[in-house]
1. Pick from Asn282, Asn267, Asn101: which residue has the top mean-square fluctuation in a GNM of the chain where Cα pairs under 10 Å get a spring?
2. For region 177-185, what does the Karplus curve 6.51 cos²θ - 1.76 cosθ + 1.60, with θ = phi - 60°, yield as ³J(HN,Hα) per residue in whole Hz, taken in order and with x for Gly and Pro?
3. Please give the calculated 222 nm ellipticity per residue for the chain, where each DSSP H segment of at least 4 residues contributes -39500 (n - 2.57) and the sum is spread over every residue; nearest 500 deg cm²/dmol?
4. Can you list residues from other chains, or at least 5 along the same chain, whose modelled amide H is less than 5 Å from the amide H of Val74?
5. So which of Lys117/Lys182; Lys57/Lys223; Lys117/Lys176; Lys59/Lys146; Lys182/Lys223 end up more than 29 Å apart by C-alpha?
6. Comparing His93, His214, His38, which has the greatest mean-square fluctuation in the GNM of the chain with Cα pairs linked when under 10 Å apart?
7. Quick one: divide the alpha-carbon radius of gyration of the chain by 2.2 N^0.38 Å and tell me what you get.
8. Per-residue HN-Hα couplings for region 78-86, Karplus 6.51 cos²θ - 1.76 cosθ + 1.60 at θ = phi - 60°, whole Hz, x for Gly and Pro?
Amino acid sequence: MNHCFPLPILTGILLGIPLFSTSQTLSAGPSFDVNNFHWSIAGNEQGQSPNILSELKFKNIITLGFFAGGTCNVTNRLRLEAYYQRNGVLNGHGTDTDYENDNRTNPTFQQPFESDKGYLSVFSAGADYTLLQRRSLSVSAGAAYKNTSQQFYLLSQDLPDLKSTYTARWRGPAIKIRGNYKCTRSLSAEISIAYTNLWYRGTANWNMIAAFMHPVSFVQTAKGYGMEYRVQGNYAINSYLTGTLALMAGNTSISRGTDITYLTTGNQLRTQFNGAKNDNYNITLGITLQLSHYATIKRKSRSS
């Protein structure tokens with residue numbers, strides 16, 4: 001995944017474009033995320049007995065890390081893009097609840113837990129095409145492949161042996177539309193909306209249950225979709241450096257699917273996966289380097 005950082009350079013070589021002859025950028029900076037995630041399963045494959053047997057909620061999962069990205073303008077309208085983000089979990093908590101009857105009634109088990117370990121990983125690669133170009137306004141549309149993984153921990157000071165994990169993975173094709181408005185010579189604002197068609201896979205290791213297999217205790221699979229709404233401000237420090245501040249709000253909705261539990265006896269238990277929902281908020285602060293402008297300045301400084 002970390003190969004996406006030099007994508008503009010590699011793309012130029014593969015397409016036969018002389019390095020720095022077109023507009024290419026590299027960006028990097030810190031990334032901060034907060035998300036709330038939950039899922040549930042039913043008692044059988046028909047979604048009954050009860051309709052919600054077990055429900056897991058992860059609340060206020062705070063992660064901090066970095067992002068790196070790159071772009072390469074193949075033509076004056078077509079641009080290739082890549083993005084990678086890796087965060088570590090700082091704080092969070094949640095609840096694990098089982099129910100005897102339908103509609104979350106008569107709980108038989110309820111365990112609060114801490115969730116201050118784990119990671120968040122995001123990778124995307126795609127292309128963007130400019131539909132409208134004016135002096136101060138541009139509008140573009142694009143498509144990409146996106147892969148997001150997040151590992152959650154279930155921990156408790158009262159149960160020191162509890163070290164269960166749940167890893168959620170969302171992946172699939174995305175489409176987006178983006179608008180950029182140049183406010184002044186140095187300042188510009190950008191807004192974008194993206195839709196992703198998702199394939200979902202959740203993998204758990206319930207380390208305290210001896211009857212379950214380890215490290216894969218159960219797997220959940222389903223399909224769904226995601227939406228992202230992003231606003232970004234750009235300030236040109238000079239001809240080749242730009243500071244950026246971006247705010248993003250996103251949500252994913254996963255539909256019903258299948259939950260398969262793997263037992264140490266070799267048997268498997270199947271039931272209905274009721275789906276999952278995730279609300280995510282992201283802030284990034286970055287620096288973007290215009291490679292072609294930087295290379296030109298360096299050549300002129302050497303010749304002078």
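Only the coordinates and a few stated rules stand behind these numbers; no lab work does. What you see is a predicted model, and the numbers here were worked out from it, not measured in a lab. When we count neighbours, we look across all protein chains shown, and the Cβ atoms used for this are built from the backbone with ideal geometry, even at glycine.
1. Of Asn282, Asn267, Asn101, the Gaussian network model singles out Asn267 as fluctuating most.
2. 10, 9, x, 10, 10, 8, 6, 9, 4
3. Working: 2 runs with 21 residues, N = 304.
Value at 222 nm, helices only: -2000 deg cm²/dmol.
4. When sequence neighbours closer than 5 places are left aside, the close amide H contacts are Arg79, Leu80.
5. Details: Lys117/Lys182 41 Å; Lys57/Lys223 19 Å; Lys117/Lys176 32 Å; Lys59/Lys146 24 Å; Lys182/Lys223 39 Å.
Lys117/Lys182; Lys117/Lys176; Lys182/Lys223, as the Cα separations exceed 29 Å there.
6. Among His93, His214, His38, the largest mean-square fluctuation in the Gaussian network model of the chain belongs to His214.
7. Details: Rg = 22.9 Å, N = 304, 2.2 N^0.38 = 19.3 Å.
Normalised Rg, Cα atoms only: 1.18.
8. 9, 10, 8, 9, 8, 8, 9, 9, 9
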